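The values are calculated or read from the model by the stated rules, or taken from the named source; none is laboratory data. Everything quoted here is computed from the prediction, not taken from an experiment. Here the Cβ is made from the backbone with ideal geometry for all residues, glycine too, and neighbour counts use every protein chain on show.
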Amino acid sequence: MVTPPKTHSQLFLNGLLNENPIFRLALSMCPAVGLSTSVMNGLLLGIAVLFVQVCSSCTISLIKNFIHPRIRIPTYTLTIATWVTVIDLVLAAYVPVAYKAMGIFVRLIVAFAIITMRLEVFACKHGLAPSFWDGMGMGFGFLFGMTILGAIREILGMGSFLGYDVLGFRPLLFFVLPAAGFFTVGFMMAIFNYVETFGRHRKKGC
Amino acid sequence: MHRALNRIAGATAGLPQKLQRMGLIGLFIGILLVGGCRTEHPYVQNAAFTADDEITITFAGPVDAAWARDPGNFSVNEKADPDIRVGLREAVLSADGKKLTLRWAEPLNRQNSHRLVLQEISADGQSRGSADLTVAKPYSGTLLTILIGAMIIQNFVFSKYLGLCVFFGTSRKKSTAVGMGITFTTVIVFSSLLSWLLYQFVLKPFRLDYLQVVVFIGLVSLTVQGVDTILRKVNPRLFKAFGVYLVLVIANCIIIAVPLTLAQNEYDMWESLMLALGAGLGFLIALFLMSSVRERIEFANIPESYRGLPIAFIVAGLFALSFMGFSGMSLF
């Protein structure tokens, strides 16, 4: 199957919406459930993932001609691990409080399926510029998903946004419970599905 | 589940039974050796918690009542915070003078090990020297706490929200769930022990702590590749049953979370083994529970937009809520 080459903006939007890592591909769910209790956490982890995704995509697209196909997966893993170590040390040095709140999740970026998958599917077959934009799209897609989840849970659970009191009361305290992450992601996915099927039915009708 | 177990039983039947029994006996002896008592002072036989604010010390012979009455002779603190001393409320010496019960002003946290110092123990009018003791709950209790903790109380899937991609991917059928759980437990035990070895004897002595992520993930890939190669040659039947799950193991966050946790908490070898075993078995339990529910959901009438993953997430949320009931529980 030959697909026409995409422009950079298309690549970027693809990751942000059509193939959103959290709601569409359903990959890297652990932080989406465990760390989306507030907007701040979601934002910081999103930035960390964006950084690792873009850097690893660029690295792999630069060295793709030197990698023997049989050892490509270990190569990807070690590349990701290196960039994760970099962002881990940087975050620990500059935002120690937020780093402590995120706990072990920053280091676990190394096992996120989304990054390895983008390297395998995209970066090892394309040049530097498309890989960069694909990484940006995927990273921002993840950032977008995490922020939305964090916003829903923070507004509904605590009545605040980024730590500032917005509503003045707490509508549903249930949403700050750790277990509510599962429900929030489930409801969001259902909404995405509903919008999709609704759109399809309307198209058929007209 | 039975089918999967039969498959393993059939595949391992080739091993001589004698070898299996020998391995089991060796394991028990090892546990006894490590779990046995450790004395640090010749005159002190045993020191242990008898209540939250009470430590009982057994001496080899009778000690002087005058020495036992002086509160300045005793001090206790948590091993982690040497500065926070707890005051003594009373010291009660038994009639034969061999058993001393120390009651403290505040309750001590029995989960942590404490350092107890006895100044210049005097018996029969002569000094026996100071004793510096470690008081902790029994080692086997610590091990069991770690095992049950990782398996149920702090279940990695339902309480720590790790390993979800693989969890939702392989919990559609019971047979797949059990296969994945068993493969995962095997690999995580091997890779965690290797990680512990490398961390204690290479990374820590050479101050290479910052390389943890790179080294651990490399070890995991190595273990997976090794198990794959060995199993393919040694036991093709077992490989046919579980080979497909091996690739998925590496995409599971738990497999990298366990080595990081045991490096952070400075666990020793048996504690690491228990943590890895608990994490693996906990993942197996979670998968089995989830797959049982999802097999039934297949026949239920669910709104169209909830079919597939969304309803699975909501079921997992209900499980997580019920697992919250275990939180704060402590054994021993």
In the stretch B:72-88, anything over 14 Å from B:Val135 (Cα atoms) and either in contact with a helix residue (DSSP H, G or I) (Cβ under 7 Å, 6 or more places away or on another chain) or modelled with pLDDT of 80 or more (or both) is listed as B:Asn73, B:Leu88
Within the stretch A:161-176, of all residues that are without any contact (Cβ under 8 Å) to a residue 12 or more places away in the chain and part of a loop (DSSP other than H, G, I, E, B), the one nearest to the chain's Cα centre (by Cα) is A:Val166
Okay, helices (runs of 4 or more DSSP H) sitting entirely in the stretch B:219-332 with 1 or more residues that are over 20 Å from B:Ser192 (Cβ atoms) and either in contact (Cβ under 8 Å) with a residue 60 or more places away in the chain or within 9 Å of another protein chain (Cβ to nearest Cβ) (or both), I get B:236-249, B:269-297, B:309-323
Of those in the stretch A:6-24 that are away from chain B (no Cβ under 14 Å) and outside any helix (DSSP H, G or I), the residue nearest to B:Leu318 (Cα to Cα) is A:Glu19
How many residues of the stretch A:87-118 are within 13 Å of chain B (Cβ to nearest Cβ) and within 12 Å of A:Ser57 (Cα to Cα)? The answer is 4
Looking at the structure I just gave you, is B:Pro71 out of contact with any Lys or Arg (no Cβ under 8 Å at 6 or more places or on another chain) and either of a type in the set (Phe, Trp, Tyr) or touching a residue at least 40 places away in the same chain (Cβ under 8 Å) (or both)?
no
Filtering the stretch A:132-151 down to residues that are within 14 Å of chain B (Cβ to nearest Cβ) and farther than 19 Å from A:Leu27 by Cα yields none
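A quick yes/no check of all residues on (1) in contact with a Phe, Trp or Tyr (Cβ under 8 Å, 6 or more places away or on another chain); (2) among the basic types (Lys, Arg); (3) in the same structural domain as B:Glu266 (by TED's automatic domain parsing); (4) within 27 Å of B:Ile146 (Cα to Cα):
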site: B:Ile55; (1), (2), (3), (4): yes, no, no, yes
site: B:Gly61; (1), (2), (3), (4): yes, no, no, no
site: B:Gly72; (1), (2), (3), (4): no, no, no, no
site: B:Asn77; (1), (2), (3), (4): no, no, no, yes
site: B:Glu90; (1), (2), (3), (4): no, no, no, no
site: B:Gln119; (1), (2), (3), (4): yes, no, no, no
site: B:Ala131; (1), (2), (3), (4): yes, no, no, no
Out of (1) at pLDDT below 85; (2) β-branched (Val, Ile, Thr); (3) within 20 Å of A:Leu13 (Cα to Cα); (4) crowded, with 20+ Cβ neighbours inside 10 Å, the one A:Val121 does not meet is (4)
Considering the stretch A:38-73, residues that are among the hydroxyl-bearing types (Ser, Thr, Tyr) and touching a Gly at 6+ places or on another chain (Cβ under 7 Å), and then whichever is nearest to the other protein chains (Cβ to nearest Cβ), we arrive at A:Ser38
task: Test A:Leu27 against the criterion of being under 20 Å from A:Phe182 (Cα atoms) and either modelled with pLDDT of 80 or more or assigned to a helix (DSSP H, G or I) (or both), and give yes or no.
output: no
Looking across the stretch B:195-218 at residues that are surrounded by fewer than 18 Cβ atoms within 10 Å (Cβ to Cβ) and aromatic (Phe, Trp, Tyr), the single one that is farthest from the other protein chains (Cβ to nearest Cβ) is B:Phe201
Counting only residues that are aliphatic (A, V, I, L, M) and within 15 Å of A:Ile22 (Cβ to Cβ), the stretch A:101-159 contains a total of 12
